[in-house]
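Asker: Below is a structure I'd like to ask you about.
The values are calculated or read from the model by the stated rules, or taken from the named source; none is laboratory data. Since we're looking at a predicted model, the values are computed, not measured. Here the Cβ is made from the backbone with ideal geometry for all residues, glycine too, and neighbour counts use every protein chain on show. Surface areas here come from the heavy atoms of the whole protein model, side chains and all, with no ligands, DNA or RNA. Shrake-Rupley method; radii C 1.70, N 1.55, O 1.52, S 1.80 Å.
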Amino acid sequence: MQTNPSAAARLPNGARATPTPSQPPSSAKRMTLAAVTRGKVVKPPRDLIYGTSGVGKTTFACSAPRPIVFQAEEGANNIDVARFPKPEGWADLLDAIDTLTNERHDYETFVIDTIDALEPMNFRAVCDAGGKKTIAAFSHGAGYIAAIDNWRAMLVRLEGLIAAKGTRVILVGHSIIRTFANPEGADYDKYQLKLNDKAAGIIVEWCDDVLFAQYETYAVDQEDGKKKAKGVTGSGRVLRTTETATFKAKNRFALPAEIPLSWEAYAAAIAAGQPDVGAVHEEIARLVASFSEAGLAEKVNAAVLSAGGATETLARIADRLRSKA
């Protein structure tokens, strides 16, 4: 008996299963060996600078080449800089990005000040769309999930702006101290981006640089030698580029662990490019020799061997040793 190949198969409950069509061969296959490329992909950096109020984050961002600011709060009021009109909601942010992407202009940097001031706008957009009064009124966290989708859509639009115009994007944010759940020991407090945790994670992952801005602090011993050292805040302002136990940070450009908080110093560090591998090896050896800690040299040598010739990894090893020193 011949079967009808076009007939749908019967499931145990009597329903008909829909046949799965076979994938037709692609006439324009993209993942070919001939399409493989090498070398670094040069793109404008995607920066996030965050820290306490008044430390100079907005001034730093507005010192970038030819900036235009989306001013979600009024931190740039005293700076002579191009700015979009005061936003009334989340849709204004998307309109601003689309305008820069699609219209002719000579702006080179798009500054969003601040990213945490956008969060209430995002939540309001979600509530208006869902007919709820607050983001917490959605069941099973659906409101927060929708807000995350909005953040992702914003980043997609920013990627379109970068691709279309080569525009640098700088996000400005405030810091907040949260307890870090340490999987290897006791929990501790840490400076982090003042956003919903999941939203902060997405944005931090997207950025090339996460720069923590703060005033310089140092310890001063008490005169009698019995009291604990007192922490003192100096007038200097610095950017921290490498994460520690006390703050979130990162960079993809082998930057020094600490840079003066100025655009000129940051741009110079970026322009310096990758350090010479031999020079980094020499610095690591010099730093290791300055310690008397047992077993440290063996651990560092193992890390250096594991890094091979990866300059960024070697630079991070040197940064950790500098911090330890």
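Asker: For segment 283-307, how many residues are open to solvent by 40 Å² or more (accessible area, probe 1.4 Å) and either under 14 Å from Arg322 (Cα atoms) or part of a loop (DSSP other than H, G, I, E, B) (or both)?
Answerer: 9
Asker: Keeping to segment 49-78, report how many residues are surrounded by fewer than 17 Cβ atoms within 10 Å (Cβ to Cβ) and among the β-branched types (Val, Ile, Thr).
Answerer: Qualifying residue count for the region: 1.
Asker: Residues being open to solvent by 30 Å² or more (accessible area, probe 1.4 Å) and in contact (Cβ under 8 Å) with a residue 12 or more places away in the chain: count how many of those fall in segment 161-173. Before you say what the answer is, go through the steps one by one.
Answerer: Residues of segment 161-173 that are open to solvent by 30 Å² or more (accessible area, probe 1.4 Å), as a first pass: 163-166, 168.
When the remaining residues are screened for being in contact (Cβ under 8 Å) with a residue 12 or more places away in the chain, the result is 164-166, 168.
Result for segment 161-173: 4.
Asker: Still on this structure, I have one more. Hand me the list of strands (runs of 3 or more DSSP E) wholly inside segment 120-236 holding 1 or more residues that are among the β-branched types (Val, Ile, Thr) and modelled with pLDDT under 95. Before the answer, list the steps.
Answerer: On the way: elements: 168-180, 188-193, 209-220.
It comes to 168-180, 209-220.
Asker: Any residue that is open to solvent by less than 40 Å² (accessible area, probe 1.4 Å), touching a strand residue (DSSP E or B) at 6+ places or on another chain (Cβ under 6 Å), within 28 Å of Thr58 (Cβ to Cβ) and among the hydroxyl-bearing types (Ser, Thr, Tyr) - is there at least one of those in segment 185-192?
Answerer: no
Asker: Right, another one. Please determine whether any residue of segment 127-144 is within 20 Å of Gln71 (Cβ to Cβ), surrounded by fewer than 18 Cβ atoms within 10 Å (Cβ to Cβ) and among the basic types (Lys, Arg).
Answerer: Here is the first cut: in segment 127-144, the residues within 20 Å of Gln71 (Cβ to Cβ) are none.
Looking for residues that are within 20 Å of Gln71 (Cβ to Cβ), surrounded by fewer than 18 Cβ atoms within 10 Å (Cβ to Cβ) and among the basic types (Lys, Arg), one finds none in segment 127-144, hence no.
Asker: Just to be sure, is Pro275 surrounded by 14 or more Cβ atoms within 10 Å (Cβ to Cβ), at pLDDT below 75, at negative phi and not in a strand (DSSP E or B)?
Answerer: On the way: surrounded by 14 or more Cβ atoms within 10 Å (Cβ to Cβ): yes; at pLDDT below 75: yes; at negative phi: yes; not in a strand (DSSP E or B): yes.
Here the answer is yes, as Pro275 does meet what is asked.
Asker: Considering Arg10, Arg16, Arg38, which residue is modelled with pLDDT under 85, within 28 Å of Glu159 (Cβ to Cβ) and open to solvent by 100 Å² or more (accessible area, probe 1.4 Å)? Don't jump to the end; show me each part of the working.
Answerer: Details: Arg10 fails: within 28 Å of Glu159 (Cβ to Cβ); Arg16 fails: within 28 Å of Glu159 (Cβ to Cβ).
After ruling out the rest, the residue left standing is Arg38.
Asker: For the list (1) modelled with pLDDT under 95; (2) over 30 Å from Gln214 (Cβ atoms); (3) surrounded by 15 or more Cβ atoms within 10 Å (Cβ to Cβ), I need the number of the one condition that Leu94 fails.
Answerer: Among (1) modelled with pLDDT under 95; (2) over 30 Å from Gln214 (Cβ atoms); (3) surrounded by 15 or more Cβ atoms within 10 Å (Cβ to Cβ), Leu94 violates only (1).
Residues checked against (1) in contact with a Leu (Cβ under 7 Å, 6 or more places away or on another chain); (2) of a type outside the set (S, T, N, Q); (3) modelled with pLDDT of 80 or more:
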{"site": "Ala285", "(1), (2), (3)": "no, yes, yes"}
{"site": "Ser292", "(1), (2), (3)": "no, no, yes"}
{"site": "Lys299", "(1), (2), (3)": "no, yes, yes"}
{"site": "Ala303", "(1), (2), (3)": "no, yes, yes"}
{"site": "Glu312", "(1), (2), (3)": "no, yes, no"}
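Asker: Then there is this: Does Val280 qualify as being modelled with pLDDT under 80, touching a helix residue (DSSP H, G or I) at 6+ places or on another chain (Cβ under 7 Å) and open to solvent by less than 40 Å² (accessible area, probe 1.4 Å)? It would help to see each step written out before you state the result.
Answerer: Details: modelled with pLDDT under 80: yes; touching a helix residue (DSSP H, G or I) at 6+ places or on another chain (Cβ under 7 Å): yes; open to solvent by less than 40 Å² (accessible area, probe 1.4 Å): yes.
Yes: the conditions hold for Val280.
Asker: Additional query: For segment 68-100, what are the residues that are among the polar types (S, T, N, Q) and in a helix (DSSP H, G or I)?
Answerer: Keep residues of segment 68-100 that are among the polar types (S, T, N, Q), which gives 71, 77-78, 99.
Result: Thr99, single match.
Asker: Quick check on Phe180: is it touching an Asp or Glu at 6+ places or on another chain (Cβ under 9 Å) and either farther than 30 Å from Ala267 by Cα or among the aliphatic types (A, V, I, L, M) (or both)?
Answerer: On the way: touching an Asp or Glu at 6+ places or on another chain (Cβ under 9 Å): yes; either farther than 30 Å from Ala267 by Cα or among the aliphatic types (A, V, I, L, M) (or both): yes.
Yes: the conditions hold for Phe180.
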